[in-house]
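A short worksheet on the structure shown next.
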Amino acid sequence: MSIDRLPAPKKPGRWSVPGLGLLKGLAVTGKNMVQSFYREDRMTTVQYPEERAPISPNFRNFPFLVYDNEDSLAGLRCVACSICEKECPPQCIYIVLERDENGKSLKRPKIFDIDVSVCMNCGICAEVCPFDAIYMDGEYELSTDNRFEGLLFNRERLAKSAAYHAKLRPEQAAEVEAKRKAEEEKKLAAQAAKEAKAKADKEAKDKAAAETEQKGESA
Ligand code: SF4
Ligand code: SF4
């Protein structure tokens, strides 16, 4: 490197008082402590478990399955496609598809288990689900003295209503609801168009048959 390309020597830094940063930090702590006696937003502690601090909208813990209407099992949105099971990094989801006596898929899970002792709360299952059927929960009081059954959540334990989802994550649930409604309307419109076409085709066919019959009679 030539001498004219060498970096310029650093200018001396600003003067600072030793320990000034520490004093500033203590001032912030003192201000928070004093204000915590009269300002609600400064009261950072709550009397748990009688009181619970609201969780952040971005807080996530373990997944739950969403169901519509009243029946927590019949109303599950999950169709047991197993995409989440395949994508789960630690492979802690186990799904068995329910089938009828002829082996035909009933598009719902017979078994849907999540081993929450293995789940790493990544949220990938919720991201990949194409049926808006699984979302991340905000429940955190999950301690148990049963290491096995207590931490293996089955479909009954995982099922939570769409109303619960709306309360937990209002924005996300509203977005999903609007999307599902639009999809449902599109489906109904396509069905109505199909029925109208079938009706028009039948009428045209009947008319053609009547005309042929009429021609035959007059001949
Ligand atoms: S939760 Fe979603 S991705 Fe997982 S099996 Fe059910 S429908 Fe498929
Ligand atoms: S949050 Fe992640 S680790 Fe837990 S079940 Fe879903 S994909 Fe698996």
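Provide the gained length on full extension for the span K187 to K110, in nm with one decimal, where the gain is 0.36 nm per separating residue minus the Cα-Cα distance.
Numbers: separation 77, 0.36 × 77 = 27.72 nm, distance 2.71 nm.
Length gained between K187 and K110: 25.0 nm.
Taking the Cα-to-Cβ direction at K205 and at V46 and moving 7 Å from each Cα, how far apart do the two end points lie in nm?
6.5
Using the number of other C-beta atoms within 10 angstrom as an exposure proxy, rank R147, R60 with the fewest first. All intermediate terms of the calculation are to be shown ahead of the outcome.
Numbers: R147 9, R60 17.
With the sparsest Cβ surroundings first, the list reads R147, R60.
Report, for the chain, the % of DSSP beta bridges that are antiparallel, rounded to 5.
Antiparallel bridges make up about 80 percent of those DSSP assigns within the chain.
On average, how much area does the Cα convex hull of the chain cover when viewed from any direction, in nm²?
For the chain, averaging the hull's shadow over all directions gives 33.1 nm².
Among L20, L142, L65, which one shows the biggest mean-square fluctuation in a GNM of the chain, springs joining Cα atoms closer than 10 Å?
Maximum fluctuation in the GNM of the chain, among the listed residues, is at L20.
Divide by every residue of the chain the summed helix terms, -39500 (n - 2.57) for each DSSP H run of at least 4, and state the resulting mean residue ellipticity at 222 nm, rounded to the nearest 500 deg cm²/dmol.
It comes out at -12500 deg cm²/dmol, rounded to the nearest 500.
Run the numbers on the range 63-161 and let me know its relative contact order in percent, using alpha-carbon pairs under 8 Å that are six or more apart.
Numbers: 176 pairs, mean separation 37.8, N = 99.
Dividing the mean separation by the residue count of the range 63-161 yields 38 percent.
Multiplying the sequence separation of E213 and Y94 by 0.36 nm and subtracting their Cα-Cα distance, what value in nm do you get?
36.5 nm
Which of C84, S143, C122 sits closest to the plus end of the dipole of the range 63-161, meaning its Cα is farthest towards the positive end, when Lys and Arg get +1 and Asp and Glu get -1 on the C-beta?
C84
Top mean-square fluctuation among N32, N69, N61, Gaussian network model of the chain, C-alpha springs under 10 Å?
Between N32, N69, N61, it is N32 that shows the largest mean-square fluctuation.
Evaluate E = 1/(1 + (r/R0)^6) for K31 and E141, where r is the Cβ-Cβ distance and R0 equals 30 Å; express this FRET efficiency to the nearest 0.05.
In this case the efficiency is close to 0.35.
How large is the Kirkwood hydrodynamic radius of the range 159-219, counting all unique pairs of alpha carbons, in Å? Let's see the in-between values first.
Numbers: mean 1/r = 0.0642 Å⁻¹.
Radius from the Kirkwood sum: 15.6 Å.
Quick check of the Kirkwood formula: for the range 63-161, what is the inverse mean of 1/r over all pairs of different Cα atoms, in Å?
13.8 Å is the Kirkwood radius here.
Rank V96, V46, V118 by mean-square fluctuation in a GNM of the chain with C-alpha springs under 10 angstrom and give only the top-ranked residue.
V46
Laboratory data are not the source of any read-out in this text; all were calculated from the coordinates shown. If you're wondering where the values come from, they're calculated on a predicted model, not measured in any experiment. Every residue, glycine among them, receives a Cβ derived from its backbone with ideal geometry; neighbour counts consider all protein chains shown.
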